[in-house]
């Protein structure tokens, strides 16, 4: 086509359709990314995710009218029992939750808390290690596992986990204190 020639009406329409198709696809992808608050394997608003899944609240998007599965109900029961200072009963509820749903990281985390409260430290370590393998983005998991490693004298590994927890939640005072404690010991 000569440089001063104008494209035909069909060519202009084809170009317009192509531009609109590309723009539509980009807009769709941007909207999908913007609306998804958490992707498995990526850090996200973990607290909101847990609240939506385990404590549906009016006004929280995607939480209203959500049915909890048996594992989630067991975790809620276990949490209530921990709050009532009944760790043995809570432990049984969390064990039911992980039997029902073995990939439930929060159930493993809280099972470890119950085990710790009844003095089963080896089981605590195993539960928190399992939770960590399932979800490295819940700040409480690397923090708790770090506490256990610190108690076992594995200070360098504990420091690494505390640092990870600090990256997940830079404002967490407990994590800061744990890191300061290890720093004071020269770790």
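Scattering from region 136-187 was approximated by placing one identical point on each alpha carbon and applying the Debye formula without solvent; log10 I(q)/I(0) at 0.16, 0.20 1/Å stands at -0.35, -0.55.
Assuming 1.567 mPa s and 4 °C, estimate D for region 69-120 with Stokes-Einstein, Rh taken as the Kirkwood radius over Cα pairs, in µm²/s. Intermediate results must be reported in sequence, preceding the final value.
On the way: Rh = 10.1 Å.
Here the translational diffusion coefficient equals 128 µm²/s.
Exposure proxy ranking for 175, 75, 98, based on other Cβ atoms within 10 angstrom of each Cβ and starting from the fewest, stands as 98, 175, 75. Counted residue by residue at 0.36 nm each, then reduced by the alpha carbon distance between them, the extension gain from residue 185 to residue 76 reaches 35.4 nm.
Laboratory data are not the source of any read-out in this text; all were calculated from the coordinates shown. Only a predicted model underlies this, so the values are computations on that prediction, with no experimental measurement involved. Heads up, the Cβs are rebuilt from the backbone with ideal geometry, glycines too, and the neighbour counts pull from every protein chain shown.
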